[in-house]
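Written below as structure tokens is the structure these notes are about.
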Amino acid sequence: MMNWLTCMLVIGMTGAVFFWVPPAEGLGSLVRIAYFHIPMAWVSVLAFLVSAYYASCYLRSRELRYDIRSAISARLGILFCFLATVSGAVFAKLTWGTYWNWDPRQTTIFLLLLIYGAYLVLRISVRQDRERAKLSAVYALLAFVTVPFLVFVVPRTFPTLHPEPVLNASGKMEMEPVMVTILLAAVAVSTLVYWRILLHLEKKANASVTKHADCMKEENV
Amino acid sequence: MKKRHGISLLLITAFAVFSVFSFQKSLTPYVSLAQARESGMNVQVKGILVDKQVQGLADNKGIAFRLRDAAGEEVQVLYPGTKPDNMEHAQEVVVIGRYAERCFQADKLLVKCPSKYERQGKGASS
């Protein structure tokens, strides 16, 4: 039921972005890329936050189900971060004139991909469940410490070609009301998509863990 | 146990903050005109288009304009390509190239659009 609703919302959202969002001054229809790029970036940060949260849950309780959630969320975070990077590069080509010029925003998102890429490598390299969970949890927490810096602080410290963030220093929203509404809706729908994927992957992971446990039991008999 | 973890966390955070500060220069590719002149290497300079004036060069050789960087220094820029459409309306311009003699030879030109997400035809506010 929820999956159907999510699909409908995604389709509806896409329609809204293409038909309701008015072309922007200067950017024209290119502004629609922002409706993909911005939600991807926000959800990525959220996913990393969720990953850090469940990592701390694991470290406190040592229950593997928290580790599973933390790992899935981190992987989704990387996926959304990658989508934000690629959509950003396309946006850059169309508005600045080049895909990549190591603008501070681009450098920081690249660093973020590297930091969480190392998380993936860490998970693959440790075989033992509990050891892997402990190391991943610690790393997920440390990695998340860098996120506010890289996403919010550093890009505002250096001059950049990237447009001013919607949550900017002057506190003013320099955006048409209808555009803001649809953007917030896009962020909400993307969050829902992320959460549904997380729950689905968690179910799959738990199913395989149970299967593995059953096999082990049978062997012992 | 808790204390040991706390100290490690503190050390790691301190190291991270220290790294960010020492890598500051690598975090931004943009340099000032003075630095561009000194280094003589291929650099990126960010600045504004002086008087919003762009001249086309004869024989389709490209365009010329004056760039003023954040420090207030100005330079004549020569760019052999075509003028980007929205150049006069750009908030800032980035030139990528070398500082040669008395002018800047740009290989690439980037523009920063104003960050206003307003409906088209609303009438550009100054």
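Compared with the dominant Cα axis of chain B, that is its longest principal axis, helix B:2-22 is turned about 20°. Between helix A:177-220 and chain A, what is the angle of the helix's C-alpha long axis to the longest principal axis, kept within 0 to 90° and rounded to the nearest 10? Roughly 10 degrees, rounded to the nearest 10. Out of A:Q128, A:F149, A:T160, whose Cα points farthest toward the positive end of the dipole of the stretch A:114-167 (charges: +1 Lys, Arg; -1 Asp, Glu; placed on Cβ)? In the stretch A:114-167, that residue is A:Q128.
The fraction of Cα-Cα pairs per 10 angstrom bin, counted from 0 for the stretch B:60-122, comes to 20, 51, 20, 9, 1 percent, rounded to whole percents.
Here the Karplus relation 6.51 cos²θ - 1.76 cosθ + 1.60, evaluated at θ = phi - 60°, turns the backbone of the stretch B:90-99 into coupling constants of 6, 6, 9, 10, 10, 10, 10, x, 10, 8 Hz, with x for every Gly and Pro.
Lysine pair count for chain B with Cα-Cα distance under 27 Å and sequence separation of 8 or more or different chains is 23.
Take chain A and mark each of the trypsin sites (Lys or Arg not before Pro) that is in a DSSP loop with at most 10 other Cβ atoms within 10 Å; the longest unmarked stretch, sites excluded, is A:1-126. Pick out, from B:Y99, B:G62, B:C113, the residue whose Cα sits farthest towards the positive end of the charge dipole of the stretch B:57-126, with +1 on the Cβ of Lys and Arg and -1 on the Cβ of Asp and Glu. Final value for the positive-end residue is B:C113. Ranking A:L79, A:A55, B:N86 by Cα position along the charge dipole of the protein assembly as shown, where only Lys, Arg, Asp and Glu carry charges on their C-beta atoms, puts A:A55 farthest toward the positive end.
The 3J(HN,Hα) values that the Karplus relation (6.51, -1.76, 1.60; θ = phi - 60°) gives for the stretch B:44-53 are, in residue order, 10, 10, 10, x, 10, 6, 5, 6, 6, 9 Hz. Gly and Pro appear as x.
Shape class for the stretch A:1-156: oblate, because the ratio a/c of the largest to smallest gyration tensor axis (alpha-carbon atoms, square roots of eigenvalues) is 1.5 or more and b/c is at least a/b.
Against the main long axis of the alpha-carbon atoms of chain A, helix A:2-19 sits at an angle near 20°. With only the Cα atoms considered, chain B has a convex hull volume of 173 Å³ per residue. If Lys and Arg each add +1 and Asp and Glu each add -1, what is the summed charge of the other residues whose beta carbon sits under 14 Å from the beta carbon of A:Y194? Computed value for this residue: +2. Expressed as a whole percent, how much of the Cα-Cα distance distribution for the protein assembly as shown exceeds 29 Å? In whole percent, the long-distance tail amounts to 51.
Over chain B, dividing the summed -39,500 (n - 2.57) contributions of all DSSP H runs of at least 4 residues by the number of residues returns a 222 nm mean residue ellipticity of -7500 deg cm²/dmol.
How crowded by other chains is A:90-103, given as the mean number of beta carbons from other chains within 10 Å of each beta carbon? Kindly include the intermediate steps, with their values, before the conclusion.
On the way: counts 0, 0, 1, 0, 0, 6, 8, 11, 5, 0, 0, 7, 6, 8.
Across the residues of A:90-103, the mean count of other-chain Cβ atoms within 10 Å is 4.
If you take the square roots of the eigenvalues of the alpha-carbon gyration tensor of the stretch A:109-166 and sort them as a ≥ b ≥ c, do you get rounded (a/c under 1.5), prolate (a/b over b/c) or oblate? In terms of gyration-tensor shape, prolate. Mind checking the log10 I(q)/I(0) for the stretch A:19-70 at q = 0.14, 0.19 Å⁻¹? Debye, one equal scatterer per Cα, no solvent, two decimals. The Cα Debye sum returns log10 ratios of -0.53, -0.66.
What per residue convex hull volume, in Å³, comes out for the stretch A:66-113 when only alpha-carbon positions are used? All intermediate terms of the calculation are to be shown ahead of the outcome.
Numbers: hull volume 2.6 nm³, N = 48.
Here the figure is 55 Å³ per residue.
Since every read-out is calculated from the coordinates, none of them should be taken as a lab result. As the structure is a computational prediction, the values presented were derived from the model and not from experiment. For neighbour counting, all protein chains shown are included, and Cβ atoms are generated from backbone atoms with ideal geometry for every residue, glycine included.
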